[in-house]
């Protein structure tokens, strides 16, 4: 009887026919119903495409005529932007630095490296945080004690200082003929910087996931699965993890947003991406003395940092609403009903 009721609830009438919505359709409709997340997704994709297609990447040429290392003559006094409203971009729409390098090309290169580091940090930090938090929250006992004490040790060390030390180690290991250069080539320093920061940024996510697992492991549906003979791995992946996905997604995106800010801060201090490469924070650091006379050197790198961080946060919020089965904002029956003709 309960099975038939459950099946009936998952079915809706569309055009006179009984049709059920799959989980993927529900997730898609929920996400598309989140206006801020959809707009942020479009903006974020536009930033990624602009950064990687304009100046090219990994030997693939781009459509922009200047490279981030070229030094053409100054097109305007003091290297001011040639962009005039509405659509007259000129040769250097973002302006030029004191030696003539095109700021648009440098900003795109900085966005490339910042995005790469952000994804590396988010992936590594997210995986470690979910594994440590989930294992400690589900198994409890000595496993929880060991993992949480390890988390506490990393938490008490200031993140910026620890990331700076590890980032410096990564810079020292790259560019000196080590096996890191043989594996990663010219991107060794960037990859290592992202890996090292990812190894220390997961602590907050681990604590939140642990709390969520502690709560969910005591729920009735977990007890029912355990009585039915389900293994620990099945309970974790089939029952607990889907209900914790909202917390995981939101906080992973927060980790990614804080990662790009941390990388920018390290590069601003000279401990992140090293010259001749460029990151958005590195650009701000290089031009900090020109803030009063050439403020456009700060506008564009800072604007891209803000856009990327806000987009990631809103996308995470939309994914949380879409994947979390406890969200009540979406009505599957109402969404599947045909619209009445005007």
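Throughout, read-outs are computed from the coordinates displayed, never taken from laboratory work. Keep in mind that what you see is a predicted model, and the values were worked out from it rather than measured. Virtual Cβ from ideal backbone geometry, glycine too; neighbours counted across all protein chains shown.
Which of the peptides 136-143, 124-131 is most tightly packed, and how do the rest follow, judged by the mean count of other Cβ atoms within 10 Å per residue? Spell out each step's value before the answer.
Details: 136-143: 16.1, 124-131: 20.6.
Listed from highest to lowest mean packing, they are 124-131, 136-143.
Between residue 303 and residue 238, the distance separating the two model label sites (each 7 Å from Cα on the Cα→Cβ line) works out to 5.2 nm. Between residue 288 and residue 48, the C-beta separation translates, for a Förster distance of 30 Å, into a calculated FRET efficiency of about 0.65.
Order these by the 10 Å Cβ neighbour count, fewest first: 39, 255, 47. Walk me through the intermediate numbers first.
Numbers: 39 14, 255 25, 47 17.
So the residues, fewest neighbours to most, are 39, 47, 255.
The length gained on full extension between residue 80 and residue 140, counted as 0.36 nm times the residue separation minus their Cα-Cα distance, comes to 15.5 nm. Using the Cβ-Cβ distance between residue 155 and residue 87 with R0 set to 45 Å, the FRET efficiency works out to roughly 0.35. Per-residue extension of 0.36 nm, minus the Cα-Cα distance of residue 71 and residue 36, leaves a gain of 8.6 nm for this segment.
The calculated Kirkwood hydrodynamic radius for segment 99-150 is 13.7 Å, given to one decimal from all distinct C-alpha pairs.
Rank-order 229-236, 246-253 by packing density, defined as the average count of other C-beta atoms within 10 Å over each peptide's residues, highest first. Don't skip to the answer; put the middle values down first.
Numbers: 229-236: 13.1, 246-253: 22.1.
Ranked by mean Cβ neighbours within 10 Å, highest first: 246-253, 229-236.
Note on residue 63/residue 28: beta-carbon distance plugged into 1/(1 + (r/R0)^6) with R0 of 30 Å gives a FRET efficiency of 0.40. Counting neighbouring beta carbons within 10 Å and listing from fewest to most, the residues 202, 300 come out as 300, 202.
Taking other Cβ atoms within 10 Å as a rough exposure proxy, 57, 68 sort from fewest to most as 57, 68.
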